[in-house]
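For reference, the structure is listed below as structure tokens.
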Amino acid sequence: MAILIDKNTTVLIQGITGGEGRKALERMKDYHTRVLCGVTPGKGGQEVDGTPVYNSVREALEKHKVNASLIMVPPLAAKGAVLEALDAGLRTIVCVTENIPLADAAVMVRRAREVGAVLIGPGSVGVMSPGLGRMGPIGGPRDVLERVYEKGNVGVISKSGGMTNEVSFVVRQAGLGQSTAIGMGGEMLVGSAYADLLRLFEKDDETKAVVLFGELGGTYEEEVARLLKNKEFTKPLIVFIAGKFAERIAPGQQFGHAGAMIERGKGKPSEKMRMLKSAGAIVAERFEDIGLLVRDAL
Amino acid sequence: MKLYEFEGKELLAKAGFAVPKAVLLENVQDAPFLPCVVKAQVLFGKRMKQGLVKVCKTQDEFSDAMTVLGKDVNGEKVEHLLVEELVNIKKEYYVSFCYDTETRGAVLLFSEEGGIDVEEIGTVKKVPLSELHLLKTEVNVLAQIKRLADVFVKSDCRLLEINPLAVDGTGTMIAVGAMVELDDAAQGRQKWQYPPRFAIRSERELEVKKANDVDHHGTVKYVELDGDIGVLAAGGGASLTCMDALVAAGGRPANFSEFSGNPTAEKVYTLARAVMTKPGVGGLWIVGAVANFSRVDVMMEGIIRALKEVNPKFPVVVRRAGPYEAEGLQMLRDAAKENGWDVEVHGSETGLTATAKVIVEKVKKWQS
């Protein structure tokens, strides 16, 4: 079945007339995904590559049966776009827009939780269910996608977009395929963190193991340790945590994603690895070990 | 962006909060009033412990406190001194607002005991902003906290820390210490006019920062470290992974770098030149994950331009993959052949971190 995207998924793109929105549309149509319409305020009535554009989500939903929204709007418009989708009743939202003010991200995340919606991102590269479809630019052009992704039984979660691809590629090179791969977003506040997504993977029959790519900073990996201890995720979980060098060389400096910073002694990769290992995760010491560990776990 | 204390207090004063009476000094002069507190304006915390905050009762003490002006402290130049009146503190609180991944929202950190070591004492309570009404403290303190929370959100702060929030002899609440960090992502709507600031370690860091700010097509980041292997890494997660692999392979990175989000060739060029021209660099490692939308040919255009300018004798090792991978990698192979550079090129057939030990060995050999 995969998670988040299945054969019944129909998508609306908010920000469809922008450069990134057009590119996402092209990539999604090129890969099994049913994008029925788009929204850009003030551009209702236009078409993008044959896909109709509406002024508002409500207006679009009057004409089309859509159950998911992809957000590709500018950063300062993202909060409004997500709230509009939630208010119109959509319950699966992928927000690719990054560099969103924290005050806005906090509102989006809270509202999504209140109404019980799944919000991926902000700052997500997208969601890919091989063979079923993708939301967002994840996987890139078809030739790259075909090399990296293949329908299979391994779930992939990463904050980083590039590493969502790279980890999926490692899974593929180990002779396996992916059920769903998710770029959860590198921003400090995201709608769905590792633990939330692992709960979805737990319920998915097709997923037999999950690879989690973690990073220094924040507490999202700590939530995973609690989840494992409470037996809320019981499948093999292979974990890699990046950023050990920062502990040694330059603590307090921000590297990589906005969420990646060791503050007041919190968020150290070594500590995350220790906690996850003691909670029962299979922790890869080196990135190149991931492939073998996944194969052994299945 | 971190604000200097005087800027943070200006922000609070504008929002209607009481701050100590103060004068900002850029040049040596006599004490505007005595007694007073002289505070060096730097962006890092724990100033009291480093002797950067001094209480002065006499002109001699004041003259002594002024000697820090113009000095370098922890890589920062002290350009301003904030001279404040002494507040007669009857009671002090610790009040700090920030964002928190555990609750995934804004939180208040609060203690009935303010002071310099409050974070270590362990009396600090964490309360989500949406549950402020549940905080147990005096009514007037809670009212003040709610107003501060409003400023924190509306002014797009990442951090707003008042320590101490003091009550003086007349019962007035005064923000005696203030640390403010603004959320850069909100620049577009706040239109802040603060001059740029960061601890600049070199001209190269400054150049990359400038190139990055030219437009919003992708980002480039560059931070200098103490080693000898230049690193040109793509992607937020991959850059971290590759730094770890380099260190594990016995290499010493000369810098951290990251470029992502399909940056222009111009940006990649500036970053590549900075990485290669750092004195003492004995090798270059160009590395990144299988990109989703950053074009390999575009980044190679920028890198080749920098290589031509620097014309390196040191070894270069590459692992890059993604859109237009074959075209991009071929461009680099051709340029290397034409100019006689020592470049070893790998694509997606090689693992992300597998080339770490290759560059480490090559640099060792080249240096001996």
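The values are calculated or read from the model by the stated rules, or taken from the named source; none is laboratory data. No experiment lies behind these values; they were computed from the predicted model shown. Every residue, glycine as well, gets a Cβ built from its backbone with ideal geometry; the counts of neighbours run over all protein chains shown.
The set of residues from segment B:148-164 being within 12 Å of chain A (Cβ to nearest Cβ) and in a helix (DSSP H, G or I) comprises B:149, B:150, B:151, B:152, B:153, B:154. Residue A:66 meets all of the listed conditions (1) in a loop (DSSP other than H, G, I, E, B); (2) under 17 Å from residue A:94 (Cα atoms); (3) modelled with pLDDT under 95 but one, namely (3).
Checking each residue in segment A:188-217 for being under 19 Å from residue A:82 (Cβ atoms) and at the interface with another protein chain (Cβ under 9 Å from one of its Cβ atoms) picks out A:188, A:189, A:190, A:191, A:193.
Okay, residues lined up against (1) at pLDDT 95 or above; (2) under 21 Å from the mean Cα position of the chain (by Cα); (3) surrounded by 24 or more Cβ atoms within 10 Å (Cβ to Cβ); (4) assigned to a loop (DSSP other than H, G, I, E, B):
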| site | (1), (2), (3), (4) |
| --- | --- |
| B:246 | yes, no, yes, no |
| B:250 | yes, no, no, yes |
| B:259 | no, yes, yes, no |
| B:269 | yes, no, no, no |
| B:276 | yes, no, no, no |
| B:279 | yes, no, no, yes |
| B:285 | yes, no, yes, no |
| B:313 | yes, no, no, yes |
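For segment A:268-279, residues that are surrounded by 15 or more Cβ atoms within 10 Å (Cβ to Cβ) and either modelled with pLDDT under 95 or in contact with a Leu (Cβ under 9 Å, 6 or more places away or on another chain) (or both) total 6.
In the list B:349, B:361, B:327, B:344, which residue meets the criterion of being under 20 Å from residue A:286 (Cβ atoms), surrounded by fewer than 18 Cβ atoms within 10 Å (Cβ to Cβ) and either within 10 Å of chain A (Cβ to nearest Cβ) or touching a residue at least 24 places away in the same chain (Cβ under 8 Å) (or both)?
Details: B:361 fails: either within 10 Å of chain A (Cβ to nearest Cβ) or touching a residue at least 24 places away in the same chain (Cβ under 8 Å) (or both); B:327 fails: under 20 Å from residue A:286 (Cβ atoms); B:344 fails: under 20 Å from residue A:286 (Cβ atoms).
Going through B:349, B:361, B:327, B:344 in turn, the sole match is B:349.
If only residues of segment B:154-192 that are hydrophobic (A, V, I, L, M, F, W, C) and over 22 Å from residue B:39 (Cβ atoms) are counted, the one that is surrounded by the fewest Cβ atoms within 10 Å (Cβ to Cβ) is B:192. Quick one: would you say residue A:35 is within 21 Å of the chain's Cα centre (by Cα), outside any strand (DSSP E or B), β-branched (Val, Ile, Thr) and closer than 24 Å to residue A:98 by Cα? So residue A:35 fails the test.
Has segment A:37-59 got at least one residue that is under 23 Å from residue A:200 (Cβ atoms), in contact with a Ser or Thr (Cβ under 7 Å, 6 or more places away or on another chain) and in contact (Cβ under 8 Å) with a residue 24 or more places away in the chain? The answer is no; no qualifying residue exists.
Residue-by-condition table, conditions (1) assigned to a loop (DSSP other than H, G, I, E, B); (2) of a type in the set (A, V, I, L, M, F, W, C); (3) within 10 Å of chain B (Cβ to nearest Cβ):
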site: A:73; (1), (2), (3): yes, yes, no
site: A:81; (1), (2), (3): no, yes, no
site: A:85; (1), (2), (3): no, yes, no
site: A:90; (1), (2), (3): yes, yes, no
site: A:94; (1), (2), (3): no, yes, no
site: A:98; (1), (2), (3): yes, no, yes
site: A:109; (1), (2), (3): no, yes, yes
site: A:124; (1), (2), (3): yes, no, no
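Determine whether residue B:191 is within 14 Å of chain A (Cβ to nearest Cβ), under 22 Å from residue B:281 (Cα atoms) and at pLDDT 90 or above.
no
Return the residues of segment A:111-122 that are crowded, with 24+ Cβ neighbours inside 10 Å and away from chain B (no Cβ under 11 Å); say none if nothing qualifies. Result: A:120, A:121. Return the only residue of B:231, B:223 being within 20 Å of the chain's Cα centre (by Cα), surrounded by fewer than 21 Cβ atoms within 10 Å (Cβ to Cβ), assigned by TED's automatic domain parsing to the domain that holds residue B:278 and outside any loop (DSSP other than H, G, I, E, B). Going through B:231, B:223 in turn, the sole match is B:223. Given the condition closer than 30 Å to residue A:113 by Cα and buried (at least 16 other Cβ atoms within 10 Å of the Cβ), answer yes or no: does some residue in segment B:1-15 qualify? Within segment B:1-15 (the criterion being closer than 30 Å to residue A:113 by Cα and buried (at least 16 other Cβ atoms within 10 Å of the Cβ)), the answer is yes, since at least one residue qualifies.
Quickly run through segment A:143-165 and pick out the residues that are over 14 Å from the mean Cα position of the chain (by Cα) and facing chain B (nearest Cβ under 10 Å). If the condition is that a residue be over 14 Å from the mean Cα position of the chain (by Cα) and facing chain B (nearest Cβ under 10 Å), then A:143, A:144, A:145, A:147, A:148 are the ones that fit.
Applying the selection to segment B:245-281, what residues are farther than 19 Å from residue B:205 by Cα and touching a residue at least 40 places away in the same chain (Cβ under 8 Å)? If the condition is that a residue be farther than 19 Å from residue B:205 by Cα and touching a residue at least 40 places away in the same chain (Cβ under 8 Å), then B:245, B:246, B:248, B:249, B:250, B:251, B:261, B:262 are the ones that fit.
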